[in-house]
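Only the coordinates and a few stated rules stand behind these numbers; no lab work does. Quick caveat: nothing in here was measured; it's all calculated off a predicted structure. Glycine gets a Cβ as well: all are built from the backbone with ideal geometry, and neighbour counts include every protein chain shown.
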Amino acid sequence: MRKDYLVIIDETDELKNAIYFAAKRSVANNANLIMLYVVRPAVNAEWASVGNLIEQEETSEGKKISRLWSAVVEEKFKIKPQIIIKMGDKVDEIIKFLKEDKSIRFLILASSIDSDPGPIIKSLSKKMNDLPVPLVIIPGLISEKELDNLI
């Protein structure tokens with residue numbers, strides 16, 4: 001039975017709202033919180049060693065960011081999220097992961113605090129029919145108190 005929540009980890013300001021909502025829902029439903037960070041592969045194959053170095057640095061940065069958010073969730077919500085690092089096109093890897101992991105109930109993202117919804121939401125909107133689970137979009141400017149009222 002699907003019951004876990006997936007959040008995509010990145011460097012955006014609005015991520016805090018997606019994590020807050022997903023963590024609160026995870027606690028309320030006795031579910032797991034899964035954090036996915038997708039590393040972009042290096043594009044220039046001619047410089048393989050440089051590409052490998054770039055990929056290693058991005059993977060290291062992804063692990064660092066994911067661990068920081070995991071620590072926030074553990075401290076604030078008393079749950080330990082699962083961290084997954086993948087490499088590839090972000091949208092393709094998200095969809096592939098969702099199709100492989102049958103425990104995930106919802107994909108939770110937060111919209112940008114600007115008028116633009118954000119690159120992941122824009123890209124996923126073109127592939128909505130490929131998503132095997134509902135996509136929950138949290139407004140980037142909503143407060144934690146307002147989110148508490150929704151949960």
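Give me the net charge of ALA31's neighbourhood, meaning all other residues with Cβ under 10 Å from the Cβ of ALA31; Lys, Arg count +1, Asp, Glu -1.
Once all neighbours under 10 Å are counted, the net charge is +3.
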Where a Cα-Cα gap under 12 Å defines reach, which aspartates and glutamates qualify for LYS86, not counting those fewer than 8 residues away within the same chain?
-> GLU55, GLU58
Starting from the Cα of LYS145, draw a straight line to each of the lysines and keep only those under 21 Å, dropping any in the same chain fewer than 8 residues away.
-> LYS16, LYS24, LYS76, LYS78
What's the angle, to the nearest 10 degrees (0 to 90), between helix 90-100's Cα axis and the longest principal axis of the chain?
-> 60
On a 0 to 90 degree scale, rounded to 10, what angle separates helix 15-28 from the longest Cα axis of the chain?
-> 50
So how far apart, in nm, are the two label points at LYS64 and ASN52 if each is 7 Å from Cα heading toward Cβ?
-> 2.2
What size of dipole, in debye to the nearest 20, comes out for region 3-97 about its Cα centre when the only charges are +1 on Lys and Arg C-beta atoms and -1 on Asp and Glu C-beta atoms?
-> 660
Relative packing of 118-127, 31-40, which averages over residues the other C-beta atoms within 10 Å, highest first = 31-40, 118-127
Hey, if you put +1 on the Cβ of every Lys and Arg and -1 on every Asp and Glu Cβ in the chain, which of PRO81, PRO139, ALA31 ends up farthest toward the positive end of that dipole?
-> ALA31
Give the angle, between 0 and 90 degrees and rounded to the nearest 10, that separates the Cα long axis of helix 48-77 from the longest principal axis of the Cα atoms of the chain.
-> 10
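Taking the number of other C-beta atoms within 10 Å as the exposure measure, put SER143, SER70 in order starting with the fewest.
Ordered from fewest to most neighbouring Cβ atoms within 10 Å, SER143, SER70 come out as SER143, SER70.
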For labels at LYS127 and GLU146 in the simple 7 Å Cα→Cβ model, what's the distance in nm?
-> 3.0
Can you put ASP101, ASP116 in order, fewest other beta carbons within 10 Å first?
-> ASP116, ASP101
Rounded, prolate or oblate: which fits the chain when a ≥ b ≥ c are the square roots of the eigenvalues of the alpha-carbon gyration tensor, with rounded for a/c under 1.5 and prolate only if a/b beats b/c?
-> prolate
In nm, the gap between the two label points placed 7 Å beyond Cα toward Cβ at ILE85 and ASP116 is 2.7
